[in-house]
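The next block holds one structure in the form of structure tokens; read it before the comments.
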Amino acid sequence: MAGNWKMYKTPSETVAFFENFRPLVANATHAEIVICPPFVNLPAAALAAQGTPIQIGAQNMYWAAEGAFTGEISAGMLLATGCQWVIVAHSERREHFGETEATALRKVRAALEAGLTPIYCVGEQLNEREGDKTHEVLHRQLEDCLGQLRPEQFRSVVIAYEPCWAIGTGKVATPEIAADAHAFIRRLVREQFSAELADACRILYGVSVKPDNVKGLMAQDEIDGALVGGASLDPASFSAIVNF
């Protein structure tokens, strides 16, 4: 269960969140819990998570180890703050900042080399969904990025499916629709790598996950967890999702 805070909360607000969130998930042993705050909150989050099962992730990174890349953050810098995870190619990074499969591949490789676990995001837009191109888009996003990895590299990657057409459109991706996409992704992994890696691969669902729909989503065999946006900003809401 991963929470993506996007561009919300200050360091002091991060500390306050953890003070309330920690006791609510103290007995949660059924899932890994990951929180991905903004870069400036990473040290505060890592410190607040010490001694708990909560792990910390970043929302993005750059593929170079260092250099003249103003505004960017390296995998080594993330590790130094206490990060263990990093989100790569989130739909908002693709839409607003030009993320592609090619740049995502470089980031995934750099994350793996540094020892970070990447959460690689895939998903189709509304026009692609309506044009019956969901499978085509997912195939391209997976083949052109994760398909370029060696099997031993792929083993350490988590995939998140984000049906972008269900973000702010009034349209709803039912648990069955989500499970169908997850099954297709798993089938692609099986064809590209092996049945063993396909079975072991964790595929998260990542659009509008809330306390009132998480149980239905998690009842689907193909859905292994969630990448939670807005609902992860509130301790009671996110803990309810974790403890579904």
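Has region 126-138 got at least one residue that is under 22 Å from THR174 (Cα atoms) and among the polar types (S, T, N, Q)?
Yes, region 126-138 has at least one match.
Tally up the residues in region 213-244 that are in a helix (DSSP H, G or I) and either surrounded by 17 or more Cβ atoms within 10 Å (Cβ to Cβ) or in contact with a helix residue (DSSP H, G or I) (Cβ under 9 Å, 6 or more places away or on another chain) (or both), please.
16
Can you name every residue in region 24-67 that is of a type in the set (A, V, I, L, M, F, W, C), over 26 Å from SER91 (Cα atoms) and assigned to a loop (DSSP other than H, G, I, E, B)?
ALA26, ALA28
Among the residues of region 53-68, count how many are surrounded by 15 or more Cβ atoms within 10 Å (Cβ to Cβ) and over 16 Å from LEU116 (Cβ atoms).
Residues that pass the stated criteria total 1.
Residue by residue, here is whether (1) under 29 Å from ASN243 (Cα atoms); (2) of a type in the set (Ser, Thr, Tyr); (3) in contact with a His (Cβ under 8 Å, 6 or more places away or on another chain) holds:
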| position | (1), (2), (3) |
| --- | --- |
| ASN60 | yes, no, yes |
| ALA64 | no, no, no |
| PHE69 | no, no, no |
| ALA75 | no, no, no |
| LEU78 | yes, no, no |
| GLN84 | yes, no, no |
| VAL88 | yes, no, no |
| GLU92 | yes, no, no |
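With (1) under 21 Å from ILE35 (Cβ atoms); (2) buried (at least 21 other Cβ atoms within 10 Å of the Cβ); (3) in contact (Cβ under 8 Å) with a residue 40 or more places away in the chain as the list, and GLU124 as the residue in question, which single condition is left unmet?
(1)
Considering only region 146-203, give the helices (runs of 4 or more DSSP H) lying wholly within it that have at least 3 residues that are within 19 Å of the chain's Cα centre (by Cα) and surrounded by 14 or more Cβ atoms within 10 Å (Cβ to Cβ).
175-192
Pull up region 1-25, narrow it to residues that are surrounded by 12 or more Cβ atoms within 10 Å (Cβ to Cβ), of a type in the set (A, V, I, L, M) and touching a residue at least 12 places away in the same chain (Cβ under 8 Å), then point me to the one that is nearest to ALA58 (Cα to Cα).
ALA2
Given (1) surrounded by 14 or more Cβ atoms within 10 Å (Cβ to Cβ); (2) in contact (Cβ under 8 Å) with a residue 24 or more places away in the chain, identify the lone condition not met by MET77.
(2)
Just so you know, all these numbers are worked out from the coordinates, no wet-lab data involved. If you're wondering where the values come from, they're calculated on a predicted model, not measured in any experiment. No Cβ is skipped: glycine too gets one built from the backbone with ideal geometry, and neighbour counts run over all protein chains shown.
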